[in-house]
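The structure appears below as structure tokens.
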Amino acid sequence: MAEAFVSAVVGVVASKVASVAVEKINQTRKLVDESTEPDLVSWSALISGYAQNGFARDAIWAFHEMHLLGLKCNEFTFPSVLKACAFTKDLELGRQVHGIVVVNGFESDEYVGNSLVVLYSKCGKFGDSRRLFEDIPERSVVSWNALFSCYVQSDYFGEAVELFREMVLSGIRPNEFSLSSMINACTGLEDSGEGRKIHGFLIKLGYDSDPFSKNALVDMYAKIGNLEDAVVVFEEIREPDIVSWNALIAGCVLHDKHDSALEFFGQMRLSGTHSNMFTLSSALKACAGIGLKELGRQLHCNLIKLNVGSDPFVHVGLIDMYSKSGLMNDARMVFNLMPDKDLIAWNAVISAHSQNGEDMEALLLFPLMHEAGVGFNQTTLSTVLKSVASLQVNYVCKQIHALSAKSGFESDRYVVNSLIDAYGKCALLEDATRIFRECLIVDLVGFTSMITAYSQSGQGEEALKLYLEMLDRGIEPDPYVCSSLLNACANLSAYEQGKQVHVHVLKHGFMYDNFAGNSLVNMYAKCGSIDDAERAFSSIPERGIVSWSAMIGGLAQHGHGKEALRVFNQMLKYGVSPNQITLVSVLCACNHAGLVTEAQKYFRSMKELFGFERMQEHYACMIDLLGRAGRLDEAMELVNTMPFQADGSVWGALLGAARIHKNVEIGQRAAEMLLILEPEKSGTHVLLANIYASVGMWNNVAKMRRLMKDCNVKKEPGVSWIEVKDKIYTFIAGDRSHVRSEEIYAKLDELSERLSKAGYIPKVEFDLHDVERDEKEKLLYHHSEKLAVAFGLIATPAGAPIRVKKNLRVCMDCHTAFKFISKIVSREIILRDINRYHHFKDGSCSCGDYW
């Protein structure tokens, strides 16, 4: 009787382990130890108590002790021991216990069999688990639940759903636990159709009023994105608890319905339901999503009242909220006050600095993280590499690469893609290409990074080749890779190839993606087709500031100043606020069209009208505009009164204006400053020499040429490109490497005769070579852009526009010649130089000779 009493007490105490402190467990153990002969019931009760309350190691040790005492387990002991093995995923010990089960003849017992099924599943041995399941002679719904719940917990959602169907077909009626597992499987599959079927089972079997099932349904619909269905089920719950509210609010946040999330959060508070840590974390994410700083601060106060200040999950949520609201000081304060900063917290604060453009801060935190002994993971490396790419610090990029290789992350897909992107943005194209080619499995992101790298490095042809390789591998494009390709075509002025990419955009349904739409506008504008750019702009469903800025900038570059201002005013009417880049485009539009008064209005009232200070770029545009208009004194006054030191763009604008108006004094002053700020650029020497040449100061021209020679300054060669039948052809001055060179030069000779008859006189005064006039005329005829145009005339259909791109400013002689040629041959010539577009048609240029 005494031993039976002890066994009963052990059972009662052990079953309440979860709600008592460790001392209570010790008391339970003490009762067993004090018993002179603890029987099987006592040991089974103790092992069960340990196993049920998560003390798996203690359960296993107790089993070991019991086994040493010679006591044999029964059908009640084995499930607890096997549960402990499953919890610790100790397959070796589990197999030993399995052997004891077989020896003792309990393998056919349903509960023992269910425990074995769970053990092997939890240890990843699903084949063994399924065989053991099949060996259970009479499988009840509990056995089926054991099997497919393990599949769900291991993310084998599809297999779990198939098992459920098999169970139903076998005639076994599912219970609420079966249906709960299936709801989780449908959530994992994001399969709303299958989820509705399970919902139907719940109603049919009468479990739809069960609060647990209702909450699971709300969670499923919310996570899948069927928020309307989630709300319908939620409203059917008589008394929603905190789990119900959390499922609904978290689902809204997951699908970026931040306003709805905060609306439900407010309703929850009005209902009298108290928030918990998970509720407030979701609300914080919603605040971060729509930038509600003050509400975020209030939630922070509520979290402090809940006394969850030491919870790292909460801290990370606060860092995320403050950083996305632009309050980096608050985000950093939260991080600094954390008592224990784990890896997730470090990653969060580094990412916060990176996302807010504080890339140097992000980089400086990385070594501090290392010193703290926290370690790092692929997320850390990818985030740091993003900041490296933004700062373009080559040596740090190589250091991070070495660290990635040393720590075993070099083969990680995210790190590899980040390395390709960082090397590409650091202009280390060979390194980027090597990593890309050495990668065994390259995904869409890797191709996009490499294509972007080629595009940004001016190797558009390589970018296009890589895109074709990507398609050959069966990788489907997305809007981002199409955008990178369009940028590559834009940089090459590859109009025909750009149109082909446009076809891919249409084919894959990306026209409604703003990212791809904006790139289309930019590509067509830079390929010289402003009409196509306008059509692409009109097809963008929701035009943001990037869309409007691209269109305004395109019109500006094509010399359509008044049209650019009309689009700008239209943008303002639609309620879209401009940014500083938009105003640069507006001033450029005024500049290219000579609209001085309009430019002055926007320049002077920028702060009052739009709320931001003028930048260097705004001053450079205004100074260039005043200079081109011949108001050089006003331009110089603006330079002298600028609130910051003038940079190369400002002095370059002044030098260009001095060349136009042959102002030697201002030209010399601007050149002096440019030689200090940008000594490596040859354009300064050339422009100053042009100014001297224009006023007949040939001794000074000779001095400039000697200076360039003594300083080893090499004039950047003029290069022109033209696209014919999807292929890009490149020309330099005097180039005879083309297979059709004889035809090209024959066409130039033919044009020379026709030009002379039309009244064209070569502008030899702008050629700085120390040779006779006849030789200068010959050199002018062989400029790269003239060669490209001549090739276009012989290689393109009659009447088709000729599109040429040049890396430098078009010279005065070529500009004059193209006006004549456009009339003589009745062809439109579209020339894109380093500054703008020139549309030559019927003997005139769209720039109105104002460039």
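The values are calculated or read from the model by the stated rules, or taken from the named source; none is laboratory data. In this text the structure is predicted, and so the values were computed from the model without any measurement. Virtual Cβ from ideal backbone geometry, glycine too; neighbours counted across all protein chains shown. Side chains included, ligands, DNA and RNA excluded: accessible areas come from the protein's heavy atoms. Shrake-Rupley method; radii C 1.70, N 1.55, O 1.52, S 1.80 Å.
A few comments on the model shown:
- Extending 7 Å from the Cα toward the beta-carbon at both K725 and E743 defines two label points whose distance is 0.9 nm.
- In the stretch 735-845, the C-alpha radius of gyration followed by the widest Cα-Cα span (Dmax) gives 13.2, 39 angstrom.
- Estimated FRET transfer efficiency when R0 is 41 angstrom, pair Y395-L343 (beta carbons, to 0.05): 0.95
- Computed from Cα atoms alone, the Kirkwood hydrodynamic radius reported for the stretch 86-177 is 13.4 Å.
- Full-stretch length increase - S844, L69 - with 0.36 nm per residue and alpha-carbon distance subtracted: 268.3 nm
- With all pairs of different C-alpha atoms in the average, the Kirkwood value for the hydrodynamic radius of the stretch 529-662 is 15.2 Å.
- Farthest towards the positive end of the charge dipole of the chain, among the residues A620, S80, F537, is the Cα of A620, using unit charges on the Cβ of Lys, Arg, Asp and Glu.
- Placing a label point 7 Å from the Cα of E496 along the Cα-to-Cβ direction, the residues of the stretch 790-833 whose backbone N falls under 11 Å of that point are 795-797.
- For K425, the lysines whose Cα comes closer than 21 Å to its Cα, not counting residues fewer than 8 places off in the same chain, are K386, K398, K465.
- Heavy-atom surface of the stretch 673-832, accessible at 1.4 Å and reported per residue (Å²): 51
- Cα gyration tensor, the stretch 302-363 - rounded (a/c under 1.5), prolate or oblate: prolate
- Solvent exposure of the stretch 358-441 amounts to 51 Å² per residue of accessible area, where only protein heavy atoms count and the probe is 1.4 Å.
- One quarter of the convex hull surface built on the alpha carbon atoms of the chain amounts to 46.9 nm², the projected area averaged over directions.
- Theoretical gain in end-to-end length, K204 to E239 [0.36 nm per residue, Cα-Cα removed]: 10.4 nm
- Restricting attention to the chain, close to 80% of DSSP beta bridges with both partner residues there are antiparallel.
- Distance from the stretch 397-442 to the stretch 239-317 (C-alpha centre basis), Å: 39
- Cα long-axis angle, helix 741-758 against the chain (0 to 90 degrees, to the nearest 10): 50
- Ordering of 209-215, 141-147, 740-746 by packing [mean C-beta count within 10 Å, highest first]: 141-147, 209-215, 740-746
- Span from the the stretch 641-671 Cα centroid across to the the stretch 105-123 one, whole angstrom: 86
- Placing a pseudo-label 7 Å from each Cα along the Cα-to-Cβ vector at F76 and K714 gives an inter-label distance of 9.2 nm.
- Of the residues C439, F376, L428, the one whose Cα sits farthest toward the positive end of the charge dipole of the stretch 358-441, with +1 on the Cβ of Lys and Arg and -1 on the Cβ of Asp and Glu, is C439.
- By the Stokes-Einstein formula, at 0.692 mPa s and 37 °C, the stretch 611-729 with its Kirkwood radius over alpha-carbon pairs has D equal to 211 µm²/s.
- Contour excess over end-to-end distance, with Cα ends at M360 and F515 and 0.36 nm allotted per residue: 53.1 nm
- Note on the stretch 548-618 and the stretch 149-223: Cα centroid distance 58 Å, given to the nearest whole angstrom.
- Radius of gyration (Cα atoms) of the stretch 456-593, expressed as a multiple of 2.2 N^0.38 Å: 1.06.
- The stretch 171-314: proportion of alpha-carbon pairs further apart than 25 angstrom, %: 31
- Between helix 359-371 and the chain: long-axis angle, C-alpha atoms, 0 to 90°, nearest 10: 40
- Apportionment of accessible area to carbon and sulfur, the stretch 735-845, percent (1.4 Å): 49
- Calculated diffusion of the stretch 458-539, Stokes-Einstein form, Kirkwood radius summed over Cα pairs, 10 °C and 1.306 mPa s, µm²/s: 129
- Once both labels are positioned 7 Å from their Cα atoms along Cα-to-Cβ, the gap between T88 and E476 label points is 4.7 nm.
- The angle separating the long axis of helix 479-492 from the principal Cα axis of greatest extent in the chain is about 20 degrees.
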